[in-house]
1. Within segment 36-65, take every residue that is under 15 Å from the mean Cα position of the chain (by Cα), part of a loop (DSSP other than H, G, I, E, B) and without any contact (Cβ under 8 Å) to a residue 60 or more places away in the chain and give me the one that is surrounded by the fewest Cβ atoms within 10 Å (Cβ to Cβ).
2. Hey, among the residues in segment 198-226 that are touching a residue at least 24 places away in the same chain (Cβ under 8 Å) and in contact with a strand residue (DSSP E or B) (Cβ under 8 Å, 6 or more places away or on another chain), which one's nearest to Ala41 (Cα to Cα)?
3. Within segment 22-35, does at least one residue satisfy the condition of being in a loop (DSSP other than H, G, I, E, B), of a type in the set (D, E, K, R), within 16 Å of the chain's Cα centre (by Cα) and under 30 Å from Asp237 (Cβ atoms)?
4. For segment 110-160, how many residues meet the condition of being out of contact with any His (no Cβ under 9 Å at 6 or more places or on another chain) and closer than 17 Å to Arg191 by Cα?
5. Inside segment 79-193, counting only helices (runs of 4 or more DSSP H) that do not spill past its ends, which hold 1 or more residues that are touching a residue at least 24 places away in the same chain (Cβ under 8 Å) and aromatic (Phe, Trp, Tyr)?
6. Does Ser12 fit the bill of being of a type in the set (S, T, N, Q), out of contact with any strand residue (DSSP E or B) (no Cβ under 9 Å at 6 or more places or on another chain), assigned to a helix (DSSP H, G or I) and modelled with pLDDT of 95 or more?
7. Among the residues of segment 210-221, are any in contact with a helix residue (DSSP H, G or I) (Cβ under 8 Å, 6 or more places away or on another chain) and either surrounded by fewer than 14 Cβ atoms within 10 Å (Cβ to Cβ) or under 17 Å from Gly146 (Cα atoms) (or both)?
8. Of all residues in segment 186-210, count the ones that are at pLDDT 95 or above and on the phi > 0 side of the Ramachandran plot.
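The values are calculated or read from the model by the stated rules, or taken from the named source; none is laboratory data. Only a predicted model underlies this, so the values are computations on that prediction, with no experimental measurement involved. FYI the Cβ positions are ideal-geometry reconstructions off the backbone, even for glycines, and counts take in every protein chain you see.
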Amino acid sequence: MRKNKRAETPQSHFSKRAPKYDASARWVCDEKLISGIRALARPRKTSLVLDLAMGTGRIARAFKGRVKTVIGLDACARMSLRSRRYVDCLVLARAENMPFPDDTFDICACRQGLQFMELEQALSEIRRVLKPGGRAVLCHLTSYGGEDDKTAFLIQRLRNPARKNFFSPGDLARAAGRYFLGVRTFEYLTRESVRNWISNGAVPAGARARIMRIYKNSPAVFRKTHKVRFKNGDVFDSMRMEIITAVKK
């Protein structure tokens, strides 16, 4: 795992992205991915669910009506206010210092949030607010590992300067293993239009142009691993995600 030392704040970044967020990547509204996260969480009618870094509430919406309570937490007011109708309670706070008592939730789901957090603090807080036997489901973008790391992380940094963490395969599982039991990892691939992915309202024109040049001049091993294709001025990339499930001791 690598750190980004020059990140802008997630709040400022996602305030820019809020109006276009749902259309900014295919994975955001991917029902197969969303229903998979819900299934791995094993919700019950009596479950109390925390959607951590909820964004526009797509994960919360998948649980709403199927569980007892859904609470959403996010640090960006402009983003999370778009998701009010999907939660029973909306909390504006940082994941590293959640305003909940110990042993509150049966489930904590976090999709694409840990990359913007102090990882160890966030995992410690997730463990604290989960009940004993509670389940964490963590879904995040990774590289494929090794030969594509350098190019993948450079693209991610340019596209999203608020990112604090860059994950290779296995990073999240190892980190989660310091706090949870029964860690399992699932791979998910999402085919993304890069032109759409970088036209999210928060990437400056210069950075967008540089990202497209990086794809054009990327090493053959990166293009092969990511199944990169060029078509009508766009680039298509098969990006890798990991879904981690784990249980509080």
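1. Kept after step one, since they are under 15 Å from the mean Cα position of the chain (by Cα), are these residues of segment 36-65: 36-38, 50-60.
If we keep only those that are part of a loop (DSSP other than H, G, I, E, B) as well, we get 53-57.
Next, from what is left, pick out any that are without any contact (Cβ under 8 Å) to a residue 60 or more places away in the chain: 54-57.
On the way: Met54: 29, Gly55: 24, Thr56: 21, Gly57: 24.
Out of the qualifying residues, it is Thr56.
2. Residues of segment 198-226 touching a residue at least 24 places away in the same chain (Cβ under 8 Å): 198-203, 207, 210-211, 214-215, 218-219, 221-222, 225-226.
Imposing the further condition that a residue be in contact with a strand residue (DSSP E or B) (Cβ under 8 Å, 6 or more places away or on another chain) reduces the set to 215, 226.
Working: Tyr215: 36, His226: 29 Å.
The extreme case among them is His226.
3. The first filter runs over segment 22-35 and keeps only residues in a loop (DSSP other than H, G, I, E, B), leaving 24-25, 30.
Adding the requirement that they be of a type in the set (D, E, K, R) leaves 30.
Then keep just the ones that are within 16 Å of the chain's Cα centre (by Cα); that gives 30.
Remaining after also requiring under 30 Å from Asp237 (Cβ atoms): 30.
Within segment 22-35, one or more residues are in a loop (DSSP other than H, G, I, E, B), of a type in the set (D, E, K, R), within 16 Å of the chain's Cα centre (by Cα) and under 30 Å from Asp237 (Cβ atoms).
4. The initial filter retains those residues of segment 110-160 that are out of contact with any His (no Cβ under 9 Å at 6 or more places or on another chain), namely 117-143, 145-147, 149-150, 153-159.
Checking which are closer than 17 Å to Arg191 by Cα leaves us with 139-143, 155-156, 159.
Here the count works out to 8.
5. Values: elements: 119-129, 149-159, 171-176.
The helices (runs of 4 or more DSSP H) meeting that bar are 149-159.
6. Details: of a type in the set (S, T, N, Q): yes; out of contact with any strand residue (DSSP E or B) (no Cβ under 9 Å at 6 or more places or on another chain): yes; assigned to a helix (DSSP H, G or I): yes; modelled with pLDDT of 95 or more: no.
Spelling it out, it is not the case that Ser12 is of a type in the set (S, T, N, Q), out of contact with any strand residue (DSSP E or B) (no Cβ under 9 Å at 6 or more places or on another chain), assigned to a helix (DSSP H, G or I) and modelled with pLDDT of 95 or more.
7. Step one: filter segment 210-221 for residues in contact with a helix residue (DSSP H, G or I) (Cβ under 8 Å, 6 or more places away or on another chain), giving 210-212, 214-215, 218-219.
Narrowing further to those that are either surrounded by fewer than 14 Cβ atoms within 10 Å (Cβ to Cβ) or under 17 Å from Gly146 (Cα atoms) (or both): 218-219.
Checking segment 210-221: at least one residue is in contact with a helix residue (DSSP H, G or I) (Cβ under 8 Å, 6 or more places away or on another chain) and either surrounded by fewer than 14 Cβ atoms within 10 Å (Cβ to Cβ) or under 17 Å from Gly146 (Cα atoms) (or both).
8. Counting residues in segment 186-210 that are at pLDDT 95 or above and on the phi > 0 side of the Ramachandran plot gives 0.
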